[in-house]
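Read through the structure below, which is laid out as structure tokens, and then see the notes.
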Amino acid sequence: MSIYTSLDAVSEYVLNCTKCGNCQAVCPIFKEMLYEVAVARGKNSLVEVLLDGKAELTEGMAERFSLCTTCMACVANCPNAVPSDKIVLAARAEAVRRRGLHPIKKVIFRTLKLQRLFDFGMKVGSKFQGVALKRIEGKHYGARMRFNIGLGKEKVFPNLAAKPFRSQYPTVIKVDKPKMRVAFFTGCMINYFYTDMGKAVVDVLKVNDVEVVIPPDQGCCGIPASVNGDVPSAKALAKRNLKAFEEMGADAVIVSCSSGGTAWKHVYSELLEDEPEYKKLADKWAAKAYDINEFLVKVVPFKKEGLGRVERKVTYHDPCHLNRGQKINKEPREILKSIPGIELVEMKDPGRCCGMAGSFSIVHPDLSEKIGSKKIADIAGTKTDTVATACPACRLQLHSGVVNAGLDHEVVHVMQLLAESYAKGSMAAAAK
Amino acid sequence: MFNQEVLNELIKALGKDKVLSDREDLIAYSYDATAAVPRQEPDVVVTPTSTEDVVEVVKIANRYKLPIYPRGSGTNLSGGAIPLQKGIVLTTWKMNKILELDTDNLVATVQPGVVIQALNDEAMKHGLMYPPDPGTVSTATMGGSVSECSGGLKGLKYGVTKHYVMGLEVVLGSGEVIKWGGKTVKNVSGYDLTALFTGAEGTLGIITKILVKLTPIPEAKKSLLAVFDDLDKAGNAISDIIRHKVIPATLEILDKVTIGTVENFTHAGLPTDAEAVLLIEVDGYKEVVEREAPIVEKVCRDNGAVDIKVAKTDEERDKIWFARRNALPSLAQVKPALVLEDATVPRSKIPDIIKEIRKIAEKYNLLIGTYGHAGDGNLHPTIVIDPRDEDEVQRMHKAVDEIFHAAIGLGGTLSGEHGIGIGKVRYLPLEFGEAGVRVIRRIKEALDPNYVLNPGKMVLREE
Ligand SMILES: Cc1cc2nc3c(=O)[nH]c(=O)nc-3n(C[C@H](O)[C@H](O)[C@H](O)COP(=O)(O)OP(=O)(O)OC[C@H]3O[C@@H](n4cnc5c(N)ncnc54)[C@H](O)[C@@H]3O)c2cc1C
Ligand code: SF4
Ligand code: SF4
């Protein structure tokens, strides 16, 4: 019994919520809405009455369960260690089981619309950008939606890649005397938008003598489906990815987005609990799944020689599912601090959710925007020129916020700075 | 009686976005942080943003004879915010503005929905603080903490909420608005209604503005931890510190059960064979702290402390407070529910009440961790229970009953800071007799004759 297959799986968790209210201090949604259902204990109380059979799982209730970015801030602040994010995920899955996909049709509908737009955009290339998106004056990068498809017109989107990341590279990227062979799980955002991030990951791994394979049959990580309760789709995607990676074989799977990391490390095993064959596969890959920062600090320590100067003042935003979800927060900082020239300035509360939360921003664009603006104010307070993070979804949200606030920050993945440093280092060496 | 008409009137008066009536929303207003009390969903929830809004709600409630349950953050531990008789829950979360911070008079004026820590953050910018700091300082509202007269860790030196409230604006049960008190240190005009409404648990009026005193942030502080192998020795040390004319900002105690439970879950290397641990912090000017800390250390040693640690760095200070911070979370790991009592006795009776509580725990076969504000005589015997175990719940109720009797027997009170609310109402005669209860009732009926405000709490209609 997992949280994806039965609401009963969370009954013990719900019982442990003593309604102390500590979650109010940290829940980003609560802070915007100031309303009891928005905070963890409120949603827990809904699940409680559901489990007791004292209420129906109405569409209204499903809507309340959508009020969560699964940022886990409440979990970290809970004296009773109640995993309220899991309770919400279980409730969403239960809603889909009881009511069909109906309650989340909005999400799916919008995502589909968006995906069709992307696919279309990929085909017609740059012409599409002008039709759907309005370039932002004076900016080298990014555009706003010309028409509101439910994402809010304010969100600034990165330019679509001219060619998806995965078709830019061969399946196997060889290096001399490889220390290890890793399989790179790119995730959708790197594939469609942030090819620069993907390139940085590959470049850095190459410098560190790691052979990279990019399994061609990989797809979406499945998290957008699993967090919305669409368990069958999530399962299908999990299996597809496991098969794709199993076929290629590798010593490790490397991810550079926080949802991908969560998927490989935790969610696939939970999703596939009742399918022993796949469960075994999921457990096997979970044991060798690493976030790129973690990998470069703990598994193959990144080379300190050959790092060139990068003159930047950088502030780092902790992605929720990397920081609280995978307990990775020291590693990216260690990498940033070891790059010569970088001055790391911590923002106030770097671990607070940026409000993107994947499809959350599709369901609740306005809330997402408001939560994001708090983050942007904290960034502005650091007087830096670069925001580093370790997740493409956070990057999108932060970039959009920075542009809308009229700030000049460049928003990048830690790996882009590391790759930049290696590149500068090798240029300097060549000049000598 | 609640009906569509009431709902329409509320919407007409306040606007649609300030009225919640979907069952999915009401469910989440059926509780507060209190364990083992009944839950009840209200008929409707309103979120006023101004005093005028509150007046409108009170008028409508009176017209339809509907109860109003004021609610801050719902973190109280006496059932104070539970809408026992349904009706209207009035939440103050959206009345959350700091209206003025007057650094000349060292006062602040806030709306009731301001979270205590938010006021502190603002005051800190001016080198000031608002000392009352319940464990919920970053969630509880000013309105809720004034209504419960919350205490906290710094009570011994800095006092509790009532020592800081200088004035209030209150909407009475009739819908009239009164303002009482003010920025002057001295004020003897009329009865002290400011004091009356402080700690009234929302039964006499709805607080819509609060004027509080601020104090300068102390320049320095120093923390000590003293371990005792005997409860009486720890008790003597507590009184002896005060006898030496040192008033620590904080003087906390953890009993053996609590220490053992924390150690069990954190493996931090706490002295599990100790009978009691005292945590002491002195604060003030650097020079004062440098003089007081050694006195405290010496007194503890003279009273037989087997180990003493003095924090030299912030990190060490953090370590010293680790066990205290983890007391509640660790007890919570043992079983799902916690019943937090706050029986309070004169400071000198701390060892006696801890021993009594231990006997009671044995008698009813319960795990009771006792810790709390030793300097204030305010302990938090925390009973861990599984609410599904009916027998255990029954034993818990009996134990609570005996703890109350023990505290009163030692010259103490039913509640030091958590309030009377639902559960302790029937014990009030124990503390001040039937005549005392009648006085409370007459006050209630003078100000809220229809029992519109928070009915079922603190004071009940004559049977
Ligand atoms: C983990 C934990 C630790 C705690 N530690 C402490 C502690 O150390 N010291 C301490 O004293 N308490 C403590 N408490 C209790 C609680 O935090 C305090 O009582 C707090 O001040 C309540 O504030 P609130 O905003 O949550 O009020 P609520 O719980 O919402 O309301 C409390 C009461 O006030 C009334 N009320 C609220 N707002 C108004 C208003 N504007 N006008 C009139 N009536 C109103 C309500 O009807 C209710 O009766 C603790 C609670 C928890 C859960
Ligand atoms: S902090 Fe944890 S136990 Fe407390 S109300 Fe929130 S979820 Fe429940
Ligand atoms: S996971 Fe984040 S958004 Fe969801 S309830 Fe907890 S704190 Fe709020």
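The values are calculated or read from the model by the stated rules, or taken from the named source; none is laboratory data. Since the model is a prediction, treat every value here as computed from it, not as a measurement. Neighbour counts are summed over all protein chains in view; Cβ atoms, including those assigned to glycine, are modelled from backbone coordinates with ideal geometry. Protein only, heavy atoms only, side chains kept; ligands, DNA and RNA dropped before computing areas. Shrake-Rupley method; radii C 1.70, N 1.55, O 1.52, S 1.80 Å.
Observations on the structure shown:
- Scanning the stretch B:398-452 for residues that are within 22 Å of the chain's Cα centre (by Cα), open to solvent by less than 60 Å² (accessible area, probe 1.4 Å) and of a type in the set (Lys, Arg) gives B:Lys424, B:Lys444.
- Applying the set (1) in contact with a helix residue (DSSP H, G or I) (Cβ under 6 Å, 6 or more places away or on another chain); (2) within 14 Å of ligand 1 (Cβ to nearest atom) to B:Ala406 leaves exactly one unmet item: (2).
- Selection count, the stretch B:104-122, where residues are more than 14 Å from chain A (Cβ to nearest Cβ) and closer than 26 Å to A:Tyr35 by Cα: 5
- Residue check for B:Asn96: open to solvent by 10 Å² or more (accessible area, probe 1.4 Å), within 14 Å of chain A (Cβ to nearest Cβ), at pLDDT 95 or above and within 16 Å of ligand 2 (Cβ to nearest atom): no
- Residue satisfying all of: in the stretch B:453-463; surrounded by 12 or more Cβ atoms within 10 Å (Cβ to Cβ) and over 16 Å from B:Phe197 (Cα atoms); farthest from ligand 3 (Cβ to nearest atom) among these: B:Leu460
- Meeting the requirement of 3 or more residues that are assigned by TED's automatic domain parsing to the domain that holds A:Pro224, no helices (runs of 4 or more DSSP H) wholly within the stretch A:324-419 can be named.
- Selection within the stretch B:371-392 - farther than 26 Å from B:Arg324 by Cα and assigned to a helix (DSSP H, G or I): B:Glu390, B:Asp391, B:Glu392
- Leading residue by the ranking (surrounded by the fewest Cβ atoms within 10 Å (Cβ to Cβ)) among those in the stretch B:327-342 that are touching a strand residue (DSSP E or B) at 6+ places or on another chain (Cβ under 6 Å) and farther than 13 Å from A:Asn16 by Cβ: B:Leu340
- Every residue from the stretch A:288-314 that is more than 24 Å from A:Val411 (Cα to Cα), assigned to a helix (DSSP H, G or I) and not aliphatic (A, V, I, L, M): A:Lys298
- A:Ala9 more than 9 Å from ligand 2 (Cβ to nearest atom) and either over 28 Å from the mean Cα position of the chain (by Cα) or open to solvent by 40 Å² or more (accessible area, probe 1.4 Å) (or both): no
- Some residue of the stretch B:5-24 being in contact (Cβ under 8 Å) with a residue 40 or more places away in the chain, within 14 Å of another protein chain (Cβ to nearest Cβ) and surrounded by 21 or more Cβ atoms within 10 Å (Cβ to Cβ): no
- For the stretch A:85-106, taking the residues that are open to solvent by less than 10 Å² (accessible area, probe 1.4 Å) and either modelled with pLDDT under 70 or within 14 Å of chain B (Cβ to nearest Cβ) (or both), the one that is nearest to ligand 1 (Cβ to nearest atom) is identified as A:Ile87.
- Tabulated pairs, the stretch B:433-452, first free of Cβ contacts under 8 Å to residues at least 12 places away in the same chain, second in a helix (DSSP H, G or I), C-beta under 8 angstrom, 6+ apart or interchain: B:Gly436/B:Leu428; B:Gly436/B:Pro429
- Of B:Ser145, B:Ser150, all but one fail to be under 24 Å from B:His373 (Cβ atoms), in a loop (DSSP other than H, G, I, E, B) and modelled with pLDDT of 95 or more; the exception is B:Ser150.
- Residues of the stretch B:419-432 satisfying the condition of being touching a residue at least 12 places away in the same chain (Cβ under 8 Å) and either within 16 Å of ligand 3 (Cβ to nearest atom) or assigned to a helix (DSSP H, G or I) (or both): B:Val425, B:Tyr427, B:Leu428, B:Leu430, B:Glu431
- Filtered by the rule that a residue be surrounded by fewer than 22 Cβ atoms within 10 Å (Cβ to Cβ) and either within 9 Å of ligand 3 (Cβ to nearest atom) or within 20 Å of A:Gly358 (Cβ to Cβ) (or both), the stretch A:73-84 gives A:Val75, A:Ala76, A:Asn77, A:Pro83.
- In summary, A:Glu36 fulfils each of the numbered conditions (1) more than 9 Å from ligand 2 (Cβ to nearest atom); (2) surrounded by fewer than 24 Cβ atoms within 10 Å (Cβ to Cβ) with the single exception of condition (2).
- Looking only at the stretch A:41-68, and only at residues there that are of a type in the set (S, T, N, Q) and open to solvent by 10 Å² or more (accessible area, probe 1.4 Å), the one that is nearest to ligand 3 (Cβ to nearest atom): A:Ser66
- If you go through the stretch B:26-47 and pick out every residue that is more than 23 Å from the chain's Cα centre (by Cα) and either of a type in the set (Ser, Thr, Tyr) or open to solvent by less than 10 Å² (accessible area, probe 1.4 Å) (or both), you end up with 6.
- Odd one out for B:Lys179 among (1) open to solvent by less than 40 Å² (accessible area, probe 1.4 Å); (2) farther than 24 Å from A:Ala25 by Cα; (3) in contact with a strand residue (DSSP E or B) (Cβ under 6 Å, 6 or more places away or on another chain): (1)
- Residue in the stretch B:105-113 that is over 24 Å from A:Pro79 (Cβ atoms), touching a Pro at 6+ places or on another chain (Cβ under 7 Å) and surrounded by 24 or more Cβ atoms within 10 Å (Cβ to Cβ) present: no
- The stretch A:18-33 - residue that is at the interface with another protein chain (Cβ under 7 Å from one of its Cβ atoms) and open to solvent by less than 40 Å² (accessible area, probe 1.4 Å) and, of those, farthest from ligand 1 (Cβ to nearest atom): A:Ala25
- Hits in the stretch A:69-98 - residues which are in a helix (DSSP H, G or I), within 11 Å of ligand 2 (Cβ to nearest atom) and over 18 Å from A:Val267 (Cβ atoms): A:Ala73, A:Cys74, A:Ala76
- Any hit, the stretch A:195-206, residues being small (Gly, Ala, Ser) and modelled with pLDDT under 95: no
- Taken over the stretch A:154-171, residues that are open to solvent by 50 Å² or more (accessible area, probe 1.4 Å) and without any contact (Cβ under 8 Å) to a residue 60 or more places away in the chain amount to 7.
- Taking the stretch A:44-62 as the range and being more than 16 Å from ligand 1 (Cβ to nearest atom) and at the interface with another protein chain (Cβ under 8 Å from one of its Cβ atoms) as the test, the residues that pass are A:Leu46, A:Val49, A:Ala55, A:Thr58, A:Gly60, A:Met61.
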